1. Give the percent of DSSP beta bridges with both residues in the chain that are antiparallel, rounded to the nearest 5.
2. Please state the shape class of region 102-169: rounded when a/c is under 1.5, otherwise prolate if a/b exceeds b/c and oblate if not, all from the C-alpha gyration tensor.
3. Going by a ≥ b ≥ c, the root eigenvalues of the Cα gyration tensor, does region 11-69 fall in the rounded group (a/c under 1.5), the prolate group (a/b larger than b/c) or the oblate group?
4. For region 77-164, what relative contact order do you get, as a whole percent, if you take Cα pairs closer than 8 Å and at least 6 residues apart?
5. Using alpha carbon centroids, what distance separates region 132-169 and region 27-72, in Å?
6. So which aspartates and glutamates can Lys97 reach, going by Cα to Cα under 16 Å and dropping same-chain residues fewer than 8 places off?
7. Note down the Stokes-Einstein diffusion coefficient of the chain in µm²/s, whole number, using a Kirkwood radius over alpha carbon pairs, 4 °C, and 1.567 mPa s.
8. Roughly how far apart, in whole Å, are the Cα centres of region 73-87 and region 95-124?
Amino acid sequence: MPSKKAKLSKTVLANVKIRHASEEYLQQIVKLSEKLGKDESAMDSMITPLPSEFQSPKWILKNIKGENTIVFVAEVEGKIVGYSLGWVSQPWGYKGKRGYICDCFVEESYRRYGIGKALIENTLNWFTEKGVECVEADVYSANVPSLRLFKKFGFKEVFKRLRLTVKKP
Ligand SMILES: CC(C)(COP(=O)(O)OP(=O)(O)OC[C@H]1O[C@@H](n2cnc3c(N)ncnc32)[C@H](O)[C@@H]1OP(=O)(O)O)[C@@H](O)C(=O)NCCC(=O)NCCS
C-alpha cells in the first residue's frame, strides 16, 4: 500500500496549478502570509510574531491589482497551498529596472514537491516580460531551503546585513 506521503506526492504533482492571484484568493493568501510572518519571527528576534502591514489584506490586494506588482498562487484541488509576491521598480541608484521577490511560501505538508520552484519560475518569467535587468530577494542566512531554492535559479549573494543588538542598561 502506498504511504500517505507517496499518495500526496502523486496528487500534488498531478494537480498543482500556478495561477495569477485574483481577489477571490485574498483571504487564503492572507492566512499563508501570516504563517510566513511567524516563520520569519522565529528566525529573527527583531520581527514581531503579530501580523504586520505585510500581512494585511489591503497590502496584499494592492499587490494583486497593481500593474507592476505580481502575486501567484499554487492551487491543489481547489486549495491555495502556496503563493509568491513581488514587484518591479527602479530603486534609487539602480541603473535599470529590478524585480523583487518579497514573499514565497508553501504550506508545510506540501513542501518538497516542486511548488516553490514553480512559483519562482512563473515570477521570473513575469519579471522578464516586464524588462527587468536583475531580480533580487532578501533571504535569512539560516534559511537553507530558501537559499538553495534561489541558488538553483542562479541567484548569487551580493549583500550582507550587519546588526548590532543594543543592550539595555
Ligand atoms: C522555501 C520554500 C518556499 C520552498 O518551497 P518548496 O515547494 O518546498 O520547494 P521545492 O520543492 O520547489 O524545492 C526546490 C528546491 O529548493 C531547495 N529546497 C527546498 N526545500 C529544501 C529543504 N528543506 N532543504 C534543502 N533544500 C531545499 C532544493 O534545492 C529544491 O530542489 P530539489 O528538490 O531538486 O532538491 C518553502 O520551504 C517555504 O515555504 N519555506 C517557508 C517560507 C520561506 O522561508 N520562504 C522564503 C523566504 S520569502
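Nothing in this text is a laboratory measurement; each read-out follows from the coordinates by a stated rule. The shown structure was predicted, so the numbers you read here are calculated from the model rather than taken from an experiment. Heads up, the Cβs are rebuilt from the backbone with ideal geometry, glycines too, and the neighbour counts pull from every protein chain shown.
1. Working: 20 of 24 bridges.
Just about 85 percent of them are antiparallel.
2. Working: a/c = 2.54, a/b = 1.47, b/c = 1.72.
Since a/c reaches 1.5 but b/c is at least a/b, the shape of region 102-169 is classed as oblate.
3. Details: a/c = 2.51, a/b = 1.33, b/c = 1.89.
Taking the square roots of the gyration eigenvalues as a ≥ b ≥ c, region 11-69 is oblate.
4. Rounded, it is 27 percent for region 77-164.
5. The two parts, judged by their Cα centres, are 18 Å apart.
6. Within reach: Glu67, Glu129, Glu133, Glu136.
7. Values: Rh = 17.2 Å.
Answer from the Stokes-Einstein relation: 75 µm²/s.
8. 10
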